[in-house]
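Quick notes on the structure that follows.
The values are calculated or read from the model by the stated rules, or taken from the named source; none is laboratory data. Source: prediction; values computed, not measured. When we count neighbours, we look across all protein chains shown, and the Cβ atoms used for this are built from the backbone with ideal geometry, even at glycine.
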Ligand SMILES: [Fe+2]
């Protein structure tokens, strides 16, 4: 049985044999462990949430950009399939959270403060394309045709997205100029992210329980 990046989101077929079920459970357990490592879960919750709440919206989003950029670089050099799968999984999860908090909180606040319709719509269209590619990667495996190409193209799309937001005169610069309350917005983003992260972990635990 081939395990894909999104395996944990799919039900185990009734006819699955014991080896396949065992592989799935091992994969799910490793996924939870990886998720804990990469989200700095070994850091005490209080200091982690305090640090996140102290960040303003732009710093928080920039830090997320940096995190996925590093994973994309590591992916380019990864030759081992399990490492590729692990990195792709982290990238997809992080981008799902990032796009969600931007769309639900940061973009509406930006549009309300600046009325920059063209920028607002452009980033939303970019997100749409990014999410479609994420869904394809999650259904794929490192040994499948186009897997590497898909992750690398996603990396290029994110590079462009980051440039549009971070460049001088870009979205973040305009947000600062518009005197948005970026500290309050940062708190809101951190809280929403934490809620969504909990839901992600919860759905994995449910998938594990269902697989037993
Ligand atoms: Fe972003």
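Within the stretch 48-65, if we keep just the residues that are at pLDDT 95 or above and more than 11 Å from the ligand (Cβ to nearest atom), the residue that is farthest from residue 160 (Cα to Cα) turns out to be 56.
Yes/no matrix, rows are residues, columns are (1) farther than 22 Å from residue 62 by Cβ; (2) without any contact (Cβ under 8 Å) to a residue 60 or more places away in the chain; (3) assigned to a helix (DSSP H, G or I); (4) in contact with a strand residue (DSSP E or B) (Cβ under 6 Å, 6 or more places away or on another chain):
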{"residue": "174", "(1), (2), (3), (4)": "no, no, yes, no"}
{"residue": "180", "(1), (2), (3), (4)": "no, no, no, no"}
{"residue": "185", "(1), (2), (3), (4)": "no, no, yes, no"}
{"residue": "193", "(1), (2), (3), (4)": "no, no, yes, no"}
{"residue": "198", "(1), (2), (3), (4)": "yes, yes, yes, no"}
{"residue": "204", "(1), (2), (3), (4)": "yes, no, yes, no"}
{"residue": "207", "(1), (2), (3), (4)": "yes, no, yes, no"}
{"residue": "210", "(1), (2), (3), (4)": "yes, no, yes, no"}
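When the test is whether a residue is surrounded by 21 or more Cβ atoms within 10 Å (Cβ to Cβ), within 12 Å of the ligand (Cβ to nearest atom), over 22 Å from residue 199 (Cα atoms) and modelled with pLDDT of 95 or more, residue 106 does not pass it. Residue count for the stretch 123-151 under the criterion of being within 16 Å of the ligand (Cβ to nearest atom) and either outside any helix (DSSP H, G or I) or surrounded by 14 or more Cβ atoms within 10 Å (Cβ to Cβ) (or both): the result is 8. Every listed requirement among (1) exposed (fewer than 15 other Cβ atoms within 10 Å of the Cβ); (2) under 22 Å from residue 191 (Cβ atoms); (3) within 16 Å of the ligand (Cβ to nearest atom) is met by residue 70 save one, (2).
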